[in-house]
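Here is the structure we will look at.
Coordinate-derived values only; no laboratory data. Only a predicted model underlies this, so the values are computations on that prediction, with no experimental measurement involved. Cβ sites come from the backbone with ideal geometry, for glycine too, and all protein chains shown count toward neighbours.
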Amino acid sequence: MEMVGINELKANLSGYLAKVKSGKRIVVIDRKKEIAVISRWGDETDELGAVSLIQKGAAEWGGGKPAGLPSRVASKGGKVSDAVLDARR
């Protein structure tokens, strides 16, 4: 995968999109930190996610929710979303 900074990507977007169209993946970086991957539409992108970990044997999933966790967290008082909205006002 090729890495490119935001400014370089903006300056040469058509060229990078042509590379993506040909099947290459472009990693966008900001201040030396990876922030995005640009890939061709329809290409498999699960290699960066949980599916690839399961396929490699690094993780397991039985198809259900994790065992031992409560079904939900009980809160005392009002809704958490209401508290967040109040804090933003």
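Annotations
- Considering only 79, 24, 56, the Gaussian network model of the chain with Cα springs below 10 Å gives its largest mean-square fluctuation to 79.
- Cα-Cα over 26 Å, subset of 33/65; 10/32; 10/33: 33/65
- Each residue, residue 21 and residue 3, gets one label point 7 Å from its Cα in the Cβ direction; the gap between the two is 2.7 nm.
- Residues with amide H under 5 Å from that of residue 37, placed H, sequence gap 5 or more: 28
- Whole-Hz ³J(HN,Hα) from phi, Karplus 6.51 cos²θ - 1.76 cosθ + 1.60, for the range 4-11, glycine and proline x: 8, x, 4, 4, 5, 4, 5, 6
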